[in-house]
1. Go through segment 16-29 and count every residue that is over 14 Å from residue 54 (Cα atoms) and either surrounded by 12 or more Cβ atoms within 10 Å (Cβ to Cβ) or touching a residue at least 40 places away in the same chain (Cβ under 8 Å) (or both).
2. Give just the number: which of (1) more than 12 Å from residue 5 (Cα to Cα); (2) touching a Gly at 6+ places or on another chain (Cβ under 8 Å); (3) small (Gly, Ala, Ser) does residue 39 not satisfy?
3. Name the residue, out of 44, 49, that is part of a helix (DSSP H, G or I), of a type outside the set (S, T, N, Q) and open to solvent by less than 70 Å² (accessible area, probe 1.4 Å).
4. Of everything in segment 30-41, what is open to solvent by 40 Å² or more (accessible area, probe 1.4 Å) and in contact (Cβ under 8 Å) with a residue 24 or more places away in the chain? Give them in sequence order.
Amino acid sequence: MEIILGQRLKELRAEKKLTQKEVAEKLGMLQPAYARYESGKTELDYEKLVFLCNLFEITPNDLYGF
């Protein structure tokens, strides 16, 4: 599930024409930490999930493909 979520994050980031570094900075983290979300190695916590949904202007259901 995390790999699918990571791929979705990558697609959404590309649609917004943002780099991993830009998204990471908005989250207050370093780029390698954010890259682990996109690779499916790290699970999103609730706070980051909400932040990313707001950033990408989607709902959690959209993010998870429901």
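The values are calculated or read from the model by the stated rules, or taken from the named source; none is laboratory data. Computed from a predicted structure; not experimentally measured. Here the Cβ is made from the backbone with ideal geometry for all residues, glycine too, and neighbour counts use every protein chain on show. Surface accessibility is based on the protein's heavy atoms, side chains included, excluding ligands, DNA and RNA. Shrake-Rupley method; radii C 1.70, N 1.55, O 1.52, S 1.80 Å.
1. Of the residues in segment 16-29, the ones over 14 Å from residue 54 (Cα atoms) are 17-22, 24-25, 28-29.
After this cut, where a residue has to be either surrounded by 12 or more Cβ atoms within 10 Å (Cβ to Cβ) or touching a residue at least 40 places away in the same chain (Cβ under 8 Å) (or both) as well, the list is 18-22, 24-25, 29.
Qualifying residue count, segment 16-29: 8.
2. Unmet for residue 39, out of (1) more than 12 Å from residue 5 (Cα to Cα); (2) touching a Gly at 6+ places or on another chain (Cβ under 8 Å); (3) small (Gly, Ala, Ser): (1).
3. Details: 44 fails: part of a helix (DSSP H, G or I).
Among 44, 49, only 49 is part of a helix (DSSP H, G or I), of a type outside the set (S, T, N, Q) and open to solvent by less than 70 Å² (accessible area, probe 1.4 Å).
4. Restricting attention to segment 30-41, the residues satisfying the condition of being open to solvent by 40 Å² or more (accessible area, probe 1.4 Å) are 30-32, 36, 39, 41.
Residues satisfying the conditions are 39, 41.
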